[in-house]
Structure formats: C-alpha cells, structure tokens
Amino acid sequence: MIAAEDDDRSLVDRLKSDGSWNELWTGLDELDPIWTEDYLTAVLEPYQSGVLPPQVVQLLCIAVDAACTHLYEPGLRRHIRAALDCGVTQREILEVLKMTTSVGIHSINVGLPILLEESESH
C-alpha cells in the first residue's frame with residue numbers, strides 16, 4: 001500500500017498517487033486537510049503496524065465493508081481483491097461474508113418481539 005520511502009510526501013498525496021485514494025475523502029481533505037491527514041494516519045495503522053498479518057487485516061476490512069450497517073461495495077471489492085492477492089482463499093472470504101450476515105439478525109431479534117406485542121394489542 002504505502003511505501004516507507006515516501007515519508008517526505010503527505011499521506012494524502014501518497015494515497016492519491018498509488019491509486020488508494022477514495023474520492024469520498026476529497027471534500028473532507030479540501031475542508032480540513034490537517035484533520036484528514038491525521039485521520040488517515042490513524043486508519044492506516046493496522047496496515048502498517050505489522051501487529052496483524054495482512055490477510056487478517058483484509059478479512060476484517062471485508063467484514064466491515066460487507067456489514068449491513070455499512071455496505072460499502074467499492075471498499076468490499078478493493079479488500080476482496082487485496083485479500084486474494086495476499087493469499088486469502090475464496091473459502092476464507094466466504095466464511096467471513098457468512099459471519100457478517102449475523103449482524104443483520106439483530107433486526108429480527110428487535111423487530112419480532114415488537115411485532116408480536118403489537119399484534120396482540122391490535
């Protein structure tokens with residue numbers, strides 16, 4: 001993703017030059033470039049720290065982007081591609097996607113009791 005030898009350029013510039021820039025960040029960068037730089041530095045820490053293997057980082061990103069509360073298709077596509085590129089198997093990605101669907105089960109856990117309660121009083 002970001003090479004260490006590029007440290008003399010801003011992170012925003014490096015993301016733009018290597019194709020990792022998300023156009024959704026452009027307005028934020030225009031309004032507050034210092035905050036944007038600080039935010040992206042923090043967000044990219046898991047990629048650069050080495051604490052988690054790259055495969056795990058990509059699987060976590062897939063889970064976040066596929067979650068019903070986020071559903072960010074461009075990021076999901078980018079992270080699935082990156083996961084496959086770093087050796088994650090199709091089956092491992094599928095298992096993460098299957099686990100991610102459990103986030104949506106909460107809507108039935110909350111909604112069903114309300115439906116039953118309201119049906120009794122109707």
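The values are calculated or read from the model by the stated rules, or taken from the named source; none is laboratory data. Given the structure is predicted, the values throughout are model-derived calculations rather than measurements. Positions of Cβ are backbone-derived with ideal geometry, glycine not excepted, and every protein chain shown enters the neighbour counts.
From the set of residues in segment 62-90 that are touching a Phe, Trp or Tyr at 6+ places or on another chain (Cβ under 9 Å) and surrounded by 17 or more Cβ atoms within 10 Å (Cβ to Cβ), which is nearest to Trp21 (Cα to Cα)? Of everything passing the filter in segment 62-90, Asp65 is nearest to Trp21 (Cα to Cα). Could you check, for segment 97-119, whether at least one of its residues is within 30 Å of Trp25 (Cα to Cα), modelled with pLDDT of 90 or more and among the acidic types (Asp, Glu)? Scanning segment 97-119 turns up no residue that is within 30 Å of Trp25 (Cα to Cα), modelled with pLDDT of 90 or more and among the acidic types (Asp, Glu). Would a scan of segment 44-59 turn up a residue that is touching a His at 6+ places or on another chain (Cβ under 6 Å), of a type outside the set (A, V, I, L, M, F, W, C) and surrounded by 10 or more Cβ atoms within 10 Å (Cβ to Cβ)? Within segment 44-59, one or more residues are touching a His at 6+ places or on another chain (Cβ under 6 Å), of a type outside the set (A, V, I, L, M, F, W, C) and surrounded by 10 or more Cβ atoms within 10 Å (Cβ to Cβ).
For segment 12-68, the helices (runs of 4 or more DSSP H) that sit wholly inside it and include 3 or more residues that are in the same structural domain as Arg78 (by TED's automatic domain parsing) are 54-66. If you go through segment 86-118 and pick out every residue that is over 30 Å from Pro53 (Cα atoms) and small (Gly, Ala, Ser), you end up with 2.
Any chance segment 83-93 includes a residue that's among the hydrophobic types (A, V, I, L, M, F, W, C) and closer than 27 Å to Asp13 by Cβ? Yes.
Among the residues of segment 83-122, those that are of a type in the set (Asp, Glu) and farther than 21 Å from Cys68 by Cβ comprise Asp85, Glu117, Glu118, Glu120.
Filtered by the rule that a residue be surrounded by 10 or more Cβ atoms within 10 Å (Cβ to Cβ) and farther than 30 Å from Leu59 by Cβ, segment 100-115 gives Leu112, Pro113, Leu115.
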